[in-house]
1. Between B:N61 and the same site in the other copies, what are the distances in nm, shortest first, taking label points 7 Å from Cα along the C-beta direction?
2. Suppose a student asked you for the relative contact order of chain C, using Cα pairs under 8 Å spaced at least 6 residues apart; what percent would you report?
3. Run the dipole for the protein assembly as shown about the Cα centre, Lys and Arg Cβ at +1, Asp and Glu Cβ at -1, nothing else charged, and hand back the magnitude in debye, nearest 20.
4. Over 21 Å apart: what share of the alpha carbon pairs of the stretch B:20-138 falls there, rounded to a whole percent?
5. Calculate, in whole percent, how much of the Cα-Cα pair population of the protein assembly as shown lies beyond 40 Å.
6. Would you mind telling me which residue in B:L46, B:L101, B:L66 has the biggest mean-square fluctuation in a Gaussian network model of chain B, where springs connect alpha carbons within a distance under 10 angstrom?
7. Please turn the phi angles of the stretch C:45-61 into ³J(HN,Hα) values with the Karplus equation 6.51 cos²θ - 1.76 cosθ + 1.60 (θ = phi - 60°), one per residue in order, whole Hz, x for glycine and proline.
8. Say a label goes 7 Å from Cα toward Cβ at B:W24 in every copy; what distances in nm does this one have to the rest, shortest first?
Amino acid sequence: MQIDFTISTSGQGLYEFTRDVTRWVHGNRDNGVLTLFVRHTSCSLLIQENADPEVQSDLRNFFHRLVPPTTDPTMSFLTHTYEGPDDMPAHIKAAMMPVSLAIPVTDGRLALGTWQGIYLFEHRNAPHSRHVVAHLSR
Amino acid sequence: MQIDFTISTSGQGLYEFTRDVTRWVHGNRDNGVLTLFVRHTSCSLLIQENADPEVQSDLRNFFHRLVPPTTDPTMSFLTHTYEGPDDMPAHIKAAMMPVSLAIPVTDGRLALGTWQGIYLFEHRNAPHSRHVVAHLSR
Amino acid sequence: MQIDFTISTSGQGLYEFTRDVTRWVHGNRDNGVLTLFVRHTSCSLLIQENADPEVQSDLRNFFHRLVPPTTDPTMSFLTHTYEGPDDMPAHIKAAMMPVSLAIPVTDGRLALGTWQGIYLFEHRNAPHSRHVVAHLSR
């Protein structure tokens, strides 16, 4: 059982799509595992706190400081710069955060904790249309 | 086939639970995949070296320096601070390290390498009771 | 359905093995999930851009600066040093990047995006023979 989710992004940050996923998984009454896979190398998948939105902006800001744009003097050693100053940092962040997630399903419900939401973390500045493949297996 | 593991923690660091997992998987003679998923956003799952305990304290210390408490002047840009100086750094570390792991099972045995152990990496200072869902599929 | 891939490495950097994986998966006409798991604690698995080789050297160089050898004064707090100055940094990088990947298979084809390749990221300087377990499930 597979589906594709499309997530429209407009700049760096976290975009929640927990509801789309739970709606799709709901109804299957078995145990199993949901696999999520993002088909890009400049964004990530994250499970993160869904309560305080400041967590999301803090995450974006921390990783922007840890991996600044290639216009920053500390990043002058990078060579892959022709796709823009946010491109190579996006690949680096995509290496540090998940491209795939595996979430158990118990009696047809995702085993997410109370405060866990599912996010796409966009690392590019320009708007993008991101594709996530979901596979539900027993 | 699913089970919940509970891991009691008392401060930041790595807590091994390889033996609990292998004991549960043992006896199933088929090939398959074990999925582990931690139901929290301020701790992580890690596969790491199980030989020298200094590896574990070095890991804790490195990530404590890379992502210091919000009382550190370099972290003053963070805004989600009301749950304590170790809370937002815990979310950041939880973004950098796995929330889920997938480990193949071969003839009823986890395909871990000789030096690989399974750990919960606690990122909070206060004692916590952490829940890990395990799912074994063929 | 399981197989072991062996990847020979000669120093830090990314080694692509997408073709070995697709050749093995090809022919199975069903939907499913491919799990990859590396049986070591000093290298990682990565999905990254397969177009410009500069992305790969930039990734190696960034992580070498973020986690320098233990001979670097900033890393003098590390204690696990007897296996060489590249050993503990290798464990740290192995904590920051995936040990396992889950990639959906659609009609017998890996759901990789156009620019996604599968890499082993070697974190040690000396040549190594690295083992990756692949499991294909429905």
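1. Computed spacing set for this position: 3.0, 3.0 nm.
2. Values: 269 pairs, mean separation 75.8, N = 138.
Relative contact order of chain C: 55 percent.
3. Values: 33 positive and 42 negative charges, 230 e Å.
In debye, rounded to 20, the protein assembly as shown gives about 1100.
4. On the way: 3261 of 7021 pairs.
Across the stretch B:20-138, Cα pairs with separations above 21 Å total 46 percent.
5. On the way: 7011 of 85491 pairs.
The calculated P(r) of the protein assembly as shown puts 8 percent of pairs beyond 40 Å.
6. Judging by the Gaussian network model, the answer is B:L66.
7. Once θ is set to phi - 60°, the couplings for the stretch C:45-61 become 9, 9, 9, 9, 4, 10, 8, 9, x, 5, 4, 5, 6, 4, 4, 4, 5 Hz.
8. For B:W24, the inter-copy label distances come out at 2.6, 2.6 nm.
We did not get these values from a lab; they are worked out from the coordinates using the rules stated. This structure is a prediction, so every number in the text was calculated from the model and none was measured. Glycine gets a Cβ as well: all are built from the backbone with ideal geometry, and neighbour counts include every protein chain shown.
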